[in-house]
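K.L.:
Below is one structure. I have some questions about it.
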Amino acid sequence: NNPCCSFPCENRGVCLTQGFKEYTCDCANTGYYGDHCEIPTFWLRIKLWLKPGPYTTHYLLTNFQWMWNIINNTSFMRNFIMRSVYLVRNSVIDSPPLFTSGHEYVTWESAANLSYYARTLPPVPRDCPTPMGVKGPKTLPDVELFRKFFVRTKFKPDTINTNVLFAFFAQHFSHMFFKTDLKKGPGFQWGGHGIDVSHIYGPDVASSNKLRTFQDGKLKYQMVNGEMWPPLLKDAPVTMTYPPNVKPEDKLGLGHEFFGMLPGLVVFSAIWLREHNRVCDVMRIEHPEWTDEQLFQTTRLIIIGQTINIVIRDYVQHLSNYNLQLFFNPELLFGYPFQYQNRITVEFNHLYHWHPLMPDDLEINGTKYTAQQYVFNAEMPLKHGMKEMVDSFVKQRAGSVEPNNHPENTIHVALETIKHGRELRMQPFNNYRKRFNLPVYKTFEELTGEKVLATELEQLYGDVDAVEFYVGILLERHVNGGMLGQTVIELGGPNSVKGLMSNPICSPLYWRSSTFGGDVGFNLVKDSTLQKLFCMNMNGCPRIAFSVP
Ligand code: HEM
Ligand SMILES: COC(=O)[C@@H](C)c1ccc(-c2ccccc2)c(F)c1
């Protein structure tokens, strides 16, 4: 068998076979040396000795509020720490990417073929003793056996009071860059590999042209009960997926073909549509000399900037549960080694499968909608109006992303994800822990933080080093009351921060007032918040947040 099947090379060393029996580990440029790249060079040893471990770091960041109050109000400290967060997270992401799901070694495909998702770790070689390399069973347990780990018996609310608004924001935002091309296979995608707000403007120019009015830079819309909503599909004939039972006159034309599926996606599509058209009006006052095209293009850049800002200071702030006040400032990276390019990885996609966030039913202004009633219910948001929808989303609790908390209607998605992991030959969960400098789990109990599930998992896998990626992600215990497992935070964090800060608008020659049409446009980016996004675009200004009041 292939001697690299036991993944003998540590610390991002590459295993190279020499004939059929031997291998060498290439430790070049890793900061490590030795047969398995296990020995840190002198300076790295010092750094590792000084650097607090992930548990300590997380504990520091999620406690000692008094200390963070001082840091958050001292700009040189705040800037220093925020820059370290950007740079440390960035350092564990390969840019350009080394691997795709098509090959277990470095290829030109990985650098150049954007129709692939990238891979942080290459696929398990095909000629290995077991599917997970050398550990675990010769055949992996039937995916159906995992259903009992996912199924929700009783709704478990999230521990940090996350609400349904957060859940829909997560889905709406992440589907901008998670667009698996299932026709080609789970390793392929048709997105833009980053924050291009294609979920608002459409995946290509042809669809953008169908969504635009070509007047004053604005997007098409329809007025319903005095409020602006996305246009009807017949007026903006983009590619949309709706089931046959939806009446044609109810179908909407949106930036993403599946966004008709949920009322939360329609609400976020509507709020960004309103913001886009509002910013166009502001920019037209600043620049009466501008054409429709320049208004549209500049407003799109402003919307990208607002998205990144809101994701960092409201969305990531909430889910990271950090006391450090996060903020968006590309200037912190000027003069530091940083690549303004991003590639979405399969691992990021899988760890972002947070279907347990969804409650069983949606309660809108006292009306209860079962999944059956709210999925592809195109007219519900327009009927209730923005205020009732947003109020309800803010008030309703989201589910906890943990075992046995999937709504019935999304368990199949979780099982699909495990299947995709197998098709893509993803390496074991513990290999990903190592790749991101996290301690491996030595026992099943350590992974799940309890006994019952641990015993059942042991019966299925035999060896904790054979636990599959998504299974580990979902069944992992949470650290001190956070909303996500440690691995989601420590793998998602780098992918997320890299995806946010490597956007072209963050690069030195883009990040200037003129790119956004002058200071007014630049400030629309810098001063954007989730609260403003809603309050500037709906009647009344209810409390907007990602946690229930
Ligand atoms: C009732 C609500 C939801 C339903 C019915 C639903 C359903 C689905 C379905 C059918 C898929 C496609 C699975 C496949 O074919 O591989 C999917 C994918 C996905 N879902 Fe959900 N979902 C819901 C909410 C959410 C939420 C709240 C999140 C939060 C982040 C989320 C994250 C994802 C991700 C990241 C994917 C992969 C997308 C891709 O790779 O193209 N979903 N979901
Ligand atoms: C990991 O530490 C960080 O860099 C913080 C700021 C951070 C950043 C991003 C995430 C994050 C993780 C998963 C999906 C989306 C965002 C996260 F969970 C934590």
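For every residue, the table says whether it meets (1) in a helix (DSSP H, G or I); (2) farther than 25 Å from Gly540 by Cβ.
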{"site": "Met228", "(1), (2)": "no, no"}
{"site": "Met240", "(1), (2)": "no, yes"}
{"site": "Val246", "(1), (2)": "no, yes"}
{"site": "Glu257", "(1), (2)": "no, yes"}
{"site": "Gly260", "(1), (2)": "no, yes"}
{"site": "Gly264", "(1), (2)": "yes, no"}
{"site": "Val267", "(1), (2)": "yes, no"}
{"site": "Leu273", "(1), (2)": "yes, no"}
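K.L.:
Within the bounds of the range 344-358, is there any residue that is within 16 Å of ligand 1 (Cβ to nearest atom) and in a strand (DSSP E or B)?
P.N.:
Yes, the conditions are met somewhere in the range 344-358.
K.L.:
Which condition breaks for Pro54 when tested against (1) crowded, with 18+ Cβ neighbours inside 10 Å; (2) out of contact with any helix residue (DSSP H, G or I) (no Cβ under 7 Å at 6 or more places or on another chain)?
P.N.:
(2)
K.L.:
Does the range 424-433 include one or more residues that are crowded, with 19+ Cβ neighbours inside 10 Å, more than 13 Å from ligand 1 (Cβ to nearest atom), basic (Lys, Arg) and assigned to a helix (DSSP H, G or I)?
P.N.:
Within the range 424-433, one or more residues are crowded, with 19+ Cβ neighbours inside 10 Å, more than 13 Å from ligand 1 (Cβ to nearest atom), basic (Lys, Arg) and assigned to a helix (DSSP H, G or I).
K.L.:
Let me confirm something: among Phe80, Phe20, which residue is touching a Pro at 6+ places or on another chain (Cβ under 9 Å), loosely packed, with under 14 Cβ neighbours inside 10 Å and among the hydrophobic types (A, V, I, L, M, F, W, C)?
P.N.:
Working: Phe80 fails: touching a Pro at 6+ places or on another chain (Cβ under 9 Å).
The match here is Phe20.
K.L.:
To continue, here is another question. Counting just the residues of the range 156-197 that are in a helix (DSSP H, G or I) and polar (S, T, N, Q), which one comes out farthest from Gly102 (Cα to Cα)?
P.N.:
Here the answer is Gln171.
K.L.:
Ile312 fails exactly one of the following numbered conditions: (1) farther than 22 Å from Leu262 by Cα; (2) away from ligand 2 (no atom under 14 Å from the Cβ); (3) in a helix (DSSP H, G or I). What is the number of that condition?
P.N.:
Single failed check for Ile312: (2).
K.L.:
While we're on this one: Just to check your reading of the model, which residue among Phe166, Phe155, Phe178 is touching a residue at least 40 places away in the same chain (Cβ under 8 Å), over 16 Å from Gly421 (Cβ atoms) and under 17 Å from the mean Cα position of the chain (by Cα)? If you could, list the steps in order and put the result at the bottom.
P.N.:
Working: Phe155 fails: under 17 Å from the mean Cα position of the chain (by Cα); Phe178 fails: over 16 Å from Gly421 (Cβ atoms).
Just one listed residue meets the conditions, Phe166.
K.L.:
Still on this structure: Which residue out of Asn63, Asn2 is polar (S, T, N, Q), farther than 29 Å from His193 by Cα, open to solvent by less than 60 Å² (accessible area, probe 1.4 Å) and more than 31 Å from the chain's Cα centre (by Cα)?
P.N.:
Step by step, each of Asn63, Asn2 is checked, and only Asn2 is polar (S, T, N, Q), farther than 29 Å from His193 by Cα, open to solvent by less than 60 Å² (accessible area, probe 1.4 Å) and more than 31 Å from the chain's Cα centre (by Cα).
K.L.:
Let me ask you something else. Hey, among the residues in the range 202-220 that are crowded, with 21+ Cβ neighbours inside 10 Å and not small (Gly, Ala, Ser), which one's nearest to Gly255 (Cα to Cα)?
P.N.:
Leu211
K.L.:
Restricting attention to the range 382-420, which residues are aliphatic (A, V, I, L, M) and either closer than 30 Å to Glu227 by Cβ or free of Cβ contacts under 8 Å to residues at least 12 places away in the same chain (or both)?
P.N.:
Leu382, Met386, Met389, Val390, Val394, Ala398
K.L.:
Name every residue in the range 23-37 that is more than 32 Å from the chain's Cα centre (by Cα) and open to solvent by 40 Å² or more (accessible area, probe 1.4 Å), in order of residue number.
P.N.:
Tyr23, Thr24, Tyr33, Asp35, His36
K.L.:
Another question about this same structure. Those residues that are hydrophobic (A, V, I, L, M, F, W, C) and not in a loop (DSSP other than H, G, I, E, B), I need them from the range 469-490; list them, please.
P.N.:
Those that are hydrophobic (A, V, I, L, M, F, W, C) and not in a loop (DSSP other than H, G, I, E, B): Phe469, Val471, Ile473, Leu474, Leu475, Val488, Ile489.
K.L.:
Check Gly185, Gly191 and return the single one that is surrounded by 14 or more Cβ atoms within 10 Å (Cβ to Cβ) and on the phi > 0 side of the Ramachandran plot.
P.N.:
Gly185
K.L.:
Let me ask something else about it. Does Gln297 fit the bill of being open to solvent by less than 40 Å² (accessible area, probe 1.4 Å), polar (S, T, N, Q) and part of a helix (DSSP H, G or I)?
P.N.:
So Gln297 fails the test.
K.L.:
What are the pairs, 6+ residues apart or on separate chains, where a residue within the range 488-501 that is acidic (Asp, Glu) has its Cβ under 7 Å from a residue that is away from ligand 1 (no atom under 16 Å from the Cβ)?
P.N.:
Note: pairs meeting the criteria are Glu490/Pro54; Glu490/Phe436; Glu490/Leu438.
K.L.:
Additional query: Just one of (1) in contact with a Pro (Cβ under 6 Å, 6 or more places away or on another chain); (2) within 14 Å of ligand 1 (Cβ to nearest atom) trips up Asp465, so point out which.
P.N.:
Of the numbered conditions (1) in contact with a Pro (Cβ under 6 Å, 6 or more places away or on another chain); (2) within 14 Å of ligand 1 (Cβ to nearest atom), the odd one out for Asp465 is (2).
K.L.:
Under the condition of being over 18 Å from Thr159 (Cβ atoms) and open to solvent by 10 Å² or more (accessible area, probe 1.4 Å), which residue from the range 480-494 is farthest from ligand 1 (Cβ to nearest atom)?
P.N.:
Restricting to residues being over 18 Å from Thr159 (Cβ atoms) and open to solvent by 10 Å² or more (accessible area, probe 1.4 Å), the top hit is Glu490.
K.L.:
Give me the residue from the range 92-108 that is in contact (Cβ under 8 Å) with a residue 40 or more places away in the chain and either of a type in the set (S, T, N, Q) or closer than 25 Å to Asn480 by Cα (or both) and, out of that set, least open to solvent (accessible area, probe 1.4 Å).
P.N.:
Ranking the qualifying residues of the range 92-108, first place goes to Thr100.
K.L.:
Go through the range 121-141 and report how many residues are open to solvent by 10 Å² or more (accessible area, probe 1.4 Å) and of a type in the set (Gly, Ala, Ser).
P.N.:
Count: 1.
K.L.:
Is it the case that the range 142-155 has a residue that's assigned to a loop (DSSP other than H, G, I, E, B), open to solvent by 60 Å² or more (accessible area, probe 1.4 Å) and within 26 Å of Ser502 (Cβ to Cβ)?
P.N.:
no
K.L.:
Shifting gears a bit: Between Asn377, Asn404, which is within 12 Å of ligand 1 (Cβ to nearest atom) and outside any helix (DSSP H, G or I)?
P.N.:
Numbers: Asn404 fails: within 12 Å of ligand 1 (Cβ to nearest atom).
The match here is Asn377.
K.L.:
Right, another one. If you go through the range 199-214 one residue at a time, do you hit one that is within 16 Å of ligand 1 (Cβ to nearest atom), of a type in the set (A, V, I, L, M), touching a helix residue (DSSP H, G or I) at 6+ places or on another chain (Cβ under 9 Å) and in a helix (DSSP H, G or I)?
P.N.:
no
K.L.:
Right, here's the next one. Being over 18 Å from Glu446 (Cβ atoms) and surrounded by fewer than 21 Cβ atoms within 10 Å (Cβ to Cβ): is that true of Gly517 here?
P.N.:
No; evaluated as a whole, the condition is false for this residue.
The values are calculated or read from the model by the stated rules, or taken from the named source; none is laboratory data. Small disclaimer: the values here were computed from a predicted structure and weren't measured. Because the Cβ atoms are built from the backbone with ideal geometry, glycine has one as well, and the counts that use them run over all protein chains shown. Calculation scope for accessible area: heavy atoms of the full protein, side chains included, ligands and nucleic acids excluded. Shrake-Rupley method; radii C 1.70, N 1.55, O 1.52, S 1.80 Å.
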